[in-house]
Amino acid sequence: MQPKKILLVALNAKYIHSNPAVYSLAAYANRGLTKLISLIELTINDRYEDILSGILSRKAGIIGFSVYIWNADLMQRVMADIHAIAPEVILMAGGPEASNDPETYLQWCQGVFLGEGEQNMRRIADWVAAGEPIHWEEMEGVAFCGEADESGRCQSTEDTSGSIIIHQPGPTSVTSMDEIPFLYDELSPFENRIIYYESSRGCPFRCSYCLSSIDKRVRYRSMEIVLRELQFFLDKKVKQVKFIDRTFNSNWHRSLEIWQYLKDHDNGVTNFHFEIGADLLKEEEIALLQSLRPGLVQLEIGIQSTCEKTMDMIHRTTDNQKLFENVKALRKNYNINLHTDLIAGLPCEDYDRFKQSFDDIYPLDADQLQLGFLKVLKGTDMYDHREEYGLIYSSYQPYEVFATKWLSYEENMHLHKVCDAVELFYNSQMFRHSLKAMLPSFAGPFAMYEALAEYLADHHLAGIGLSTKKKFEIMEDFGREHDLPAEYFTYLAFDQMLHMHQSRRMMAEETFEFPEGTKTLRFDYTRMHPVTAEAYYEEIGKDLDSK
């Protein structure tokens, strides 16, 4: 009898994304089985009929779904419809959303993976190749229906509440990082897409809002393997490699060795993204990072809050003074794209205290200031304390908080408007100089973006798509409405020249009345700074490329 085909399904948020989980499961389980497992990647923006038909057209006897916060609603709809259309097909689910809510997915699925799944996927592949049913009861790290027929299908999926069996993850469900095959020997599926790379699993920290805090065991891929695989990306000159290690520099000797290797073997093209704890950086790491080619490395720094009481409540230890010093040192040469993160809605942080956190980190001058809102995820310590903290949050993905004991719904909605203003004017990186010239006219950074948010609301501009030209018009009108000094308008015109040029006009000249004197500048739109994304410019007769 021909073994059933196994299909793994990923629904990504955007086309440029990929799902390393399904690639890892397939690569690990397929070894020696002539690719019994295949996969399909679609996006949540695809037409629903195309998603459904694309999956069913593969004629798989077993389908596994990779479920995350951004695709859970759509995945549940797909599962329910496939269960109705092809009830003979065995369905499985995994990923954070399914792992922490198996009861929901067992309405349609015969099994749910809890945690990582390489070992269990290999067992299933072996059973299928041998023509055997899936022996859910023999696996660790799975939830399944206790009443099943000989094929492994639940006899009744209408009400599974009395028949669910949960086998928690154990030693046999954990895979050595060195045993996981390299996922990118064939690069054609990843053309024009971000490549995600995993050199470790687990996180040494225990942030109460994060699912990564559940697994505190950090396991590393051998350095010899990591460097060999990074060299592959460098040789192929891929555009970006994004490390998905939760805190990349938790082992500073390891991070230093990897960053040194990237410097020594830099191809001048590839960008590497890392999520780090900035307060953990050693002097040697900072010195090395300061010496890298502009654009080689991008760092994401999760600050979340500067309130010490809040950090204690979420079980996160951070030395703010050390963090600020290190980020300022990283910013010194403007060679690294820096992202800093804050989270609104955390315990003990009301509106005014969040404002203080914002004002504390704004002077760090990061390229991106990412303002997120607390997600109350099943399986986290935050979820367990939801009543104590007075958390009111959406019952639908992404479970975002509406209000807390410290933050009202109205204040939360106002923060959303401020965050939109930050996204439009700060994170676009088009107003770096004019925003600095604007700031002295307001009580502080947060107050400035509050005023911008109010302007957008008053002029019915909030929540709509704005062209680059329109953004500059808004900033000019805003400046006149608030009677900003002439210096502001000079820097606004300068920013506009850095980021806007007429069609087919690759070089341009403009004269500016800067506070320090009149300057005529030539702008070169054929080149863009790899970190600040600005056109290069020079003063006529003087080379200012290093600006």
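The values are calculated or read from the model by the stated rules, or taken from the named source; none is laboratory data. Note that the structure is predicted; figures quoted are calculated from it, not measured. Reconstructed Cβ throughout: ideal geometry from the backbone, glycine too, with neighbour counts over all protein chains shown. Ligands, DNA and RNA are excluded from the accessible area calculation, which covers all protein heavy atoms including side chains. Shrake-Rupley method; radii C 1.70, N 1.55, O 1.52, S 1.80 Å.
Multiplying the sequence separation of R480 and A130 by 0.36 nm and subtracting their Cα-Cα distance, what value in nm do you get?
Values: separation 350, 0.36 × 350 = 126.00 nm, distance 7.54 nm.
Answer, rounded to one decimal: 118.5 nm.
Taking N as the number of residues in the range 378-476, what is its Cα Rg relative to 2.2 N^0.38 Å? Show your work: numbers first, answer last.
On the way: Rg = 16.8 Å, N = 99, 2.2 N^0.38 = 12.6 Å.
Dividing the Cα Rg of the range 378-476 by 2.2 N^0.38 Å gives 1.33.
Please report the net charge: other residues with Cβ closer than 14 Å to the Cβ of K309, K and R +1, D and E -1. Numbers along the way, then the final one.
Values: positive: R316, R353, K405; negative: E308, D312, E349, D350, D352.
Result for the neighbourhood of K309: -2.
At what distance in nm do the modelled label points of E388 and Y334 sit from each other, each positioned 7 Å from its Cα along Cα→Cβ?
Here the answer is 4.7 nm between the modelled labels.
Tell me, what is the per residue accessible area of the chain in Å², probe radius 1.4 Å?
Numbers: 24670 Å² over 547 residues.
Roughly 45 Å² per residue, with all protein chains present.
For S199, list long-range residues whose amide hydrogen, built 1.01 Å from N in the peptide plane, is under 5 Å from its own amide hydrogen.
Placed amide hydrogens put I244, D245 under 5 Å from S199.
For the chain, with the dipole built from +1 on Lys and Arg beta-carbon atoms and -1 on Asp and Glu ones, taken about the Cα centre, which of S222, L521, T318 lies farthest toward the positive end?
Looking along the dipole axis, the top candidate is S222.
Which part of the range 320-351 falls in the paramagnetic zone of K309, meaning amide N under 19 Å from the point 7 Å along Cα-to-beta-carbon?
Flagged as within label range: 320, 343-351.
Report the extension gain between V218 and F182 in nm, rounded to one decimal, defined as 0.36 nm multiplied by the number of residues separating them, less their alpha carbon distance.
Working: separation 36, 0.36 × 36 = 12.96 nm, distance 1.94 nm.
Extra length from V218 to F182 when fully extended: 11.0 nm.
Any idea which of M413, F358, A29 is furthest toward the positive side of the dipole for the chain, if Lys and Arg beta-carbons carry +1 and Asp and Glu beta-carbons -1?
A29
Taking the Cα centre of the range 317-443 as the origin and placing charges on Cβ (Lys, Arg +1; Asp, Glu -1), which of A344, M382, Y334 is farthest toward the positive end of the dipole?
Farthest towards the positive pole: Y334.
Using the Cα centre of the chain as the reference point, and only Cβ charges (+1 on K/R, -1 on D/E), how large is the resulting charge dipole? Debye, rounded to the nearest 20.
Numbers: 55 positive and 83 negative charges, 281 e Å.
Dipole magnitude for the chain comes out near 1340 debye.
Straight-line reach only, C-alpha to C-alpha below 22 angstrom: list the lysines that K469 could link to, leaving out same-chain residues fewer than 8 apart.
List returned: K417, K436.
Where does the charge balance sit around F373 when Lys and Arg score +1, Asp and Glu -1, over other residues with C-beta under 14 Å from its C-beta? Could the numbers behind the result be given before it?
Values: positive: K375, K417; negative: D341, E349, E400, E411, D420, E423.
For residues surrounding F373, the net value is -4.
Lys pairs in the range 198-325, Cα-Cα under 26 Å, at least 8 apart or on separate chains: how many?
15
Any chance you could tell me what percent of the C-alpha pair distances in the range 276-418 go past 23 Å?
Numbers: 3978 of 10153 pairs.
Looking at the range 276-418, the distances longer than 23 Å represent 39 percent of pairs.
Rounded to the nearest 10 Å², what accessible area does R527 show when all protein chains are kept and the probe is 1.4 Å?
100 Å²
Restricting things to Cα coordinates, could you compute the convex hull volume per residue of the chain in Å³? Kindly include the intermediate steps, with their values, before the conclusion.
On the way: hull volume 93.7 nm³, N = 547.
Here the figure is 171 Å³ per residue.
Tell me, what % of the accessible area of the chain is carbon and sulfur with a 1.4 angstrom probe? Please report the intermediate quantities before stating the final value.
Values: 12060 of 24670 Å².
It is 49 percent, rounded to a whole number.
Two decimals is fine: what's Rg over Rh for the range 1-112, C-alpha atoms, Kirkwood radius as Rh?
Details: Rg = 13.1 Å, Rh = 14.1 Å.
In the range 1-112, Rg relative to Rh is 0.93.
Not counting ligands, DNA or RNA, and with a 1.4 Å probe, what is Y455's accessible surface area in Å² rounded to the nearest 10?
10 Å²
Between E191 and L461, how high is the FRET efficiency from 1/(1 + (r/R0)^6) when r is the Cβ-Cβ distance and R₀ = 41 Å? Nearest 0.05.
Plugging the Cβ-Cβ distance into 1/(1 + (r/R0)^6) gives 0.65.
Which aspartates and glutamates does K471 reach when only Cα atoms under 12 Å apart count, and residues fewer than 8 places away in its own chain are ignored?
E423, D495
For K4, which aspartates and glutamates qualify as cross-link partners when the Cα separation must be under 16 Å and same-chain residues fewer than eight apart are set aside?
The reachable aspartates and glutamates, counting only those whose Cα sits under 16 Å from K4, are E88, D126, E132, E150.
Take H501 and N427, extend 7 Å from each Cα along the Cα→Cβ direction, and tell me the distance between the two endpoints in nm.
2.8 nm
Okay, helix-only estimate at 222 nm for the chain: each DSSP H run of n ≥ 4 adds -39500 (n - 2.57), divide by all residues, round to 500 deg cm²/dmol; what do you get? Write out the running numbers ahead of the final one.
Values: 18 runs with 184 residues, N = 547.
Estimated from H runs of four or more residues: -10000 deg cm²/dmol.
Along the principal axes of its C-alpha atoms, what lengths does the range 440-547 span, in descending order and rounded to whole Å?
Sorted largest first, the three principal extents are 44, 31, 22 Å.
Using a 1.4 Å probe on the protein heavy atoms only, what accessible surface does V174 show? Give it in Å² to the nearest 10.
Result for V174: roughly 40 Å² accessible.
Just add up the charged neighbours of A508: K/R +1, D/E -1, any other residue whose Cβ is under 11 Å from the Cβ of A508. List each step's numbers first, then the result.
Numbers: positive: R505, R522; negative: E509, E510, D524.
The answer is -1.
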